[in-house]
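Here the structure comes first, spelled out in C-alpha cells, and everything after it is commentary.
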Amino acid sequence: MTASPEPAHPALANLADALLTRLDERTEAVVALLRREIPEYDVLPMEDVRGATVALMRDVITHVAVLRVDAATLEPLADLARRRAEQGFPFGALTRSIQLAARYLLNEADAMAAEYQLDAATMLRVHDFAWQFVTDAAGVIAEIQREMAVDAGERESGRRADFLRATLHGTVAPARLATEARLFGLDPSARYHPLRAHPADAKEEERMSSAIRRTTATQHHKPVLAVLEGDLVGLVPQAPTLPDGSLAAIGSAVHLHNVAAAFRSASVALDAAAAFGRTGVVTLDQLGPLPLALMADELAVAVEQLHFQYLDSDNEANREIEQTVWTLLECDQNVDATAEKLHVHRNTVRYRLGRFREITGLDIRASTHDLVLAWWSLARRAARS
C-alpha cells in the first residue's frame, strides 16, 4: 500500500471532481499523446485504447485525491497488463503509458491549483504521490511480466520434454521429427549423441546441465536437454565434460531418426557404470562385460542359488573367501599378486581357494568355470553397490 504520511488537503477532492468532470475530453488528449509517443498503440483498436485510458485516468485521479492507494486497487492494472501481453503489446510501452498519463494529469492539476487554493507544499505532495503511484504500477506490471515469463518457460520446458521423450524412445513420426527438431534448434541432417544421467538432486541437475550446455555446444549446433522422470536426458553435438564426481552416459552419434537404439545403449551403460561406481562420461563400449552383471533373469538367479547361496551367510570367513576370489580374478589368477594385494601369505590364498571350491563346487582353474565366476563377481559387486 502507498499512502501519504499526512492527511490529504480537503480541497484535493474538489480538484479531483473538476478533473473527472471533463474526463472524456482529457482522455482524448491522452490517447492522442499515447499514439503519438508510443508507436505500438497504432496496432490496437481505438476503442480498446480509449477504454483502458479512461479507467487508468479515473484511478489516478481518485487515488491522488486522497493520497492513498491499496494494493487491491491495482488489480485492474494487472488484468490490463495480462491483456496487453496477449495482444503482443510490450510491457515497457504499458509502463511508459502510465507515466505519460500521470504527467498529463499533473500538468492539468498544476494549472488548476490556484483556483482551488492549493499551495505549493500540497501540490508537491501530489506530485510525489503521483510518481510513487506510477512506481507501484510499474511494480505490478513487472510482476505480471515475471509470471508470464515463468509460465512461458514452463510451457517451453514441457514441449521440449515431450519432444525428447518421443525422440529418445522412437515414437515420433519422421515428418514431425524434422519439423519439431528445428523448433528446438536441432539440425535434422546432423548427428547427435543421446545422453542420460541420474542427478542426485536438483542442485546436481543444475550443475550438470550447465556443464553439459557449456561443453557440448559447437559453432553450429547446440544441445537440447530436459528432465524426464528425474533423469537428465538430451541430445548433444559432442561428448560433454562433467563436474567432478558426476556420471553421465552417451550413445553413439547418430541421426535423429536412429536415436532410440543409441539411447537404449546409453541407458544400459549408465546403469552399469552407476552400479560399479564409475564417474565421468561413459559409453557402452568402454564398459566391457560389466553390463552383463545386471542381467537378472531366471537362469541367472538359478545359477547363483546353485553355486553361491552358502557364501551369503554372515560369516567373516566366507567374506574373506569371496574377497580372495574377487582379487584373484582381478590379478589374472596370479596367486602371488593376490597375496600381496591382500597382505596375506600365498598359502592363505590357496587355502581360501580350496574352501571356495568346496562350498561352490566350482574350480577356479577350470576354463569352463571362468565365465561363471566372472559373471558372479561382477553381479555381486553390482548388487552390493
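The values are calculated or read from the model by the stated rules, or taken from the named source; none is laboratory data. Being a predicted model, the structure only gives us computed values, none of them experimental. Note: ideal-geometry Cβ built from the backbone for every residue, glycine included; neighbour counts use all protein chains shown.
So here's what we get for this one:
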{"item": "Condition check for A65: without any contact (Cβ under 8 Å) to a residue 40 or more places away in the chain and either outside any loop (DSSP other than H, G, I, E, B) or of a type in the set (D, E) (or both)", "result": "no"}
{"item": "Positions within segment 86-125 being farther than 29 Å from D48 by Cα, in contact (Cβ under 8 Å) with a residue 24 or more places away in the chain and among the hydrophobic types (A, V, I, L, M, F, W, C), in sequence order", "result": "M112, A113, L118"}
{"item": "So S189, is it surrounded by 12 or more Cβ atoms within 10 Å (Cβ to Cβ) and either in contact with an Asp or Glu (Cβ under 8 Å, 6 or more places away or on another chain) or closer than 30 Å to Q238 by Cβ (or both)", "result": "no"}
{"item": "Check on V172, free of Cβ contacts under 8 Å to residues at least 12 places away in the same chain, out of contact with any Lys or Arg (no Cβ under 8 Å at 6 or more places or on another chain), buried (at least 17 other Cβ atoms within 10 Å of the Cβ) and not basic (K, R)", "result": "yes"}
{"item": "Any hit, segment 317-334, residues being modelled with pLDDT of 75 or more, of a type in the set (D, E, K, R), surrounded by 14 or more Cβ atoms within 10 Å (Cβ to Cβ) and under 24 Å from P291 (Cα atoms)", "result": "yes"}
{"item": "Residue, modelled with the highest pLDDT, within segment 337-383, restricted to residues that are among the β-branched types (V, I, T) and either farther than 16 Å from T327 by Cβ or assigned to a loop (DSSP other than H, G, I, E, B) (or both)", "result": "V344"}
{"item": "Filter result for A102 (of a type in the set (G, A, S) and exposed (fewer than 12 other Cβ atoms within 10 Å of the Cβ))", "result": "no"}
{"item": "Flag if R83 is within 40 Å of the chain's Cα centre (by Cα), basic (K, R) and not in a loop (DSSP other than H, G, I, E, B)", "result": "yes"}
{"item": "Test: residue in segment 122-138 that is among the charged types (D, E, K, R), under 30 Å from R84 (Cβ atoms) and under 15 Å from the mean Cα position of the chain (by Cα)", "result": "no"}
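Let's see how each residue does on (1) in a helix (DSSP H, G or I); (2) out of contact with any helix residue (DSSP H, G or I) (no Cβ under 7 Å at 6 or more places or on another chain); (3) closer than 21 Å to V31 by Cβ:
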{"site": "G88", "(1), (2), (3)": "no, yes, yes"}
{"site": "A93", "(1), (2), (3)": "yes, no, yes"}
{"site": "Q99", "(1), (2), (3)": "yes, no, yes"}
{"site": "N107", "(1), (2), (3)": "yes, yes, yes"}
{"site": "L118", "(1), (2), (3)": "no, no, no"}
{"site": "A130", "(1), (2), (3)": "yes, no, yes"}
{"site": "F133", "(1), (2), (3)": "yes, no, yes"}
